[in-house]
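**Q** Okay, here's the structure, questions in a sec.
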Amino acid sequence: MTSTQQRAELQRRIWQIANDVRGAVDGWDFKQYVLGALFYRFISENFAAYIEGGEESVDYAGLSDAVITPEIKDDAVKTKGYFIYPSQLFANVAAGAKDNERLNTDLAAIFAAIEGSALGYPSERDIRGLFADFDTTSNRLGNTVKDKNARLTAVLKGVADLDFGTFDDSHIDLFGDAYEFLISNYAANAGKSGGEFFTPQQVSKLIAQLAMHKQTSINKIYDPACGSGSLLLQAKKHFDQHIIEEGFFGQELNHTTYNLARMNMFLHNVNYDKFNIQLGDTLIDPHFGDEKPFDAIVSNPPYSVKWKGADDPTLINDDRFAPAGVLAPKSKADFAFVLHALSYLSARGRAAIVCFPGIFYRSGAEQKIRQYLVDNNFVESVISLASNLFYGTTIAVNILVLSKHKTDTTTQFIDASGLFKKETNNNLLLDMHIDQIMAVFDSKANVEHFAKAVPFEKVAANEYNLSVSSYVEAKDNREVVDIAQLNAKLKTTVARIDQLRKEIDAIVAEIEGEELGE
């Protein structure tokens, strides 16, 4: 079976498991059990592979817990960030699940033990609460312990039967792909609530390429509204991870999604010391102030959400917002996220941010913020994408590319709204579309109906409007009509109609004459 076929079969089976075992539980509510079981299996196999160290004679799952010394445990936690005893491994628990009448409480104890193993170690913050949403006592699993155990057994068995092959790099890729596939499917089927935390993989790829364009190395990459971490991980997937020297940083407001992001990092084999995902409100309680500046920032913040804004008089003096001299409207925090990202950006870096189109042409505070961005030459490109690319919204969003190292004062506008493949539920951005966008982003060439580099003076004169449609003329796809030819055809048609009428009148007169003769 080819790698592509293997992936397709894995994805088909894992989605079937997700649907078969959830019963009456809503898929969105049930996602943490399937995702959690996949994560539990991955870290178990990852940990066992670490302990075995490639020695075929060593079978960690077959060892007794009693042979584990404090020194072994201490060394493992310092390296991997957590510890799992042989009896706690996914394979052993799944094998005995069917006959275990205490399965739900045993699992809860195992998850608590794995998280507890990091207490007092540098990894404590990264491991704490990882299994918080895998609630094995929840009534969502059933009203009785027997019902709960039956559903947990089905989930464990389904995930255990998935064939990922031997534990190597391709094995890790398959796990990561399976996790991303599950998250994307849950997002696609959850409507707006799902779209809030997941950026489609192809859009993530474009954003990562924009933020890291022509950089041979970056100090670290940051997402101030990281969701499930998909944008950060695209940077890892499409670039040699060694060019990201200090790792991956992100902040997320939703607790469940925060856990998904941390699990996602582990599942893509990003060790605890190479990522730092924090929980909290980025606009009001930002983390990583001591870590900035960042050479690459990627983000798909929530569109037009409410925030404190002017209700908090201290925010206008915040280093992130003060330079613009005005706060984003309380009902539309979009530019607050943009200014936050800009303040965290290094002098050599780029930020690529998904934005709601309205912020680029509305007046008031948003116009003043646009003026600040343009006057200080921070806007490198504005790219309009096709509609219906994202889960939960059909809006044709834009990507704003910020830079602090522009060599001229022009602003580039790219109309990529026509680049998509039509799918049943959502439009899809293909690799060839990404290549087209990146090629013109790199060259800054003017391409009719597609891209235009606009001088500062023209943008300023246009009241700092940054809408792509204001500068890139859309192609007129209407059929060209030759008026002279059309008039000639109409003249011929009218003459033919007149002739037919005369012939019909003659026939009618002849018939009437015959009737009178009778």
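**Q** Considering only region 409-432, state which residues are in contact (Cβ under 8 Å) with a residue 12 or more places away in the chain, more than 25 Å from LEU373 (Cβ to Cβ) and not in a strand (DSSP E or B).
**A** The answer is GLY418, LEU419, PHE420, ASN425, ASN426, ASN427, LEU429, LEU430, ASP431.
Okay, residues lined up against (1) closer than 28 Å to GLN11 by Cα; (2) surrounded by fewer than 14 Cβ atoms within 10 Å (Cβ to Cβ):
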| site | (1), (2) |
| --- | --- |
| PHE30 | yes, no |
| PHE42 | yes, no |
| THR69 | no, yes |
| ASP75 | no, yes |
| ALA91 | yes, no |
| ASP106 | no, no |
| ILE110 | yes, no |
| GLY120 | no, yes |
| ILE127 | yes, no |
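**Q** Determine which member of the set VAL305, VAL338 is of a type in the set (A, V, I, L, M, F, W, C), out of contact with any Phe, Trp or Tyr (no Cβ under 6 Å at 6 or more places or on another chain) and surrounded by fewer than 21 Cβ atoms within 10 Å (Cβ to Cβ).
**A** Numbers: VAL338 fails: surrounded by fewer than 21 Cβ atoms within 10 Å (Cβ to Cβ).
Unique residue meeting the criteria: VAL305.
**Q** Quick one: which residue in LYS274, LYS308, LYS292, LYS237 is closer than 26 Å to ALA132 by Cβ and among the basic types (Lys, Arg)?
**A** LYS274
**Q** Among the residues of region 55-72, are any modelled with pLDDT of 95 or more and touching a Lys or Arg at 6+ places or on another chain (Cβ under 9 Å)?
**A** No, there is no match, as no residue in region 55-72 is modelled with pLDDT of 95 or more and touching a Lys or Arg at 6+ places or on another chain (Cβ under 9 Å).
**Q** Now, a different point. Considering region 237-276 alone, what residues qualify as being without any contact (Cβ under 8 Å) to a residue 24 or more places away in the chain and under 13 Å from ASP126 (Cα atoms)?
**A** TYR258
**Q** Still on this structure, I have one more. Is region 235-248 home to any residue that is open to solvent by less than 20 Å² (accessible area, probe 1.4 Å), assigned to a strand (DSSP E or B), at pLDDT 85 or above and of a type outside the set (D, E, K, R)?
**A** The answer is yes; a qualifying residue exists.
**Q** For SER87, are the conditions met, namely being more than 21 Å from THR256 (Cα to Cα), over 34 Å from the mean Cα position of the chain (by Cα), modelled with pLDDT under 95 and open to solvent by 60 Å² or more (accessible area, probe 1.4 Å)?
**A** No.
**Q** Is it true that some residue in region 140-147 is open to solvent by less than 50 Å² (accessible area, probe 1.4 Å) and modelled with pLDDT under 95?
**A** Within region 140-147 (the criterion being open to solvent by less than 50 Å² (accessible area, probe 1.4 Å) and modelled with pLDDT under 95), the answer is yes, since at least one residue qualifies.
Rundown of residues vs (1) polar (S, T, N, Q); (2) open to solvent by 60 Å² or more (accessible area, probe 1.4 Å); (3) outside any helix (DSSP H, G or I), yes/no style:
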{"residue": "ILE434", "(1), (2), (3)": "no, no, no"}
{"residue": "PHE441", "(1), (2), (3)": "no, no, no"}
{"residue": "LYS452", "(1), (2), (3)": "no, yes, yes"}
{"residue": "LEU466", "(1), (2), (3)": "no, no, yes"}
{"residue": "GLU473", "(1), (2), (3)": "no, yes, yes"}
{"residue": "ALA484", "(1), (2), (3)": "no, yes, no"}
{"residue": "ASN487", "(1), (2), (3)": "yes, yes, no"}
{"residue": "LYS491", "(1), (2), (3)": "no, yes, no"}
{"residue": "LYS502", "(1), (2), (3)": "no, yes, no"}
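The values are calculated or read from the model by the stated rules, or taken from the named source; none is laboratory data. Treat the numbers as computed from the prediction; the structure is a model and nothing was measured. Virtual Cβ from ideal backbone geometry, glycine too; neighbours counted across all protein chains shown. Please note that ligands, DNA and RNA were not included when accessible areas were found on the heavy atoms of the full protein model with its side chains. Shrake-Rupley method; radii C 1.70, N 1.55, O 1.52, S 1.80 Å.
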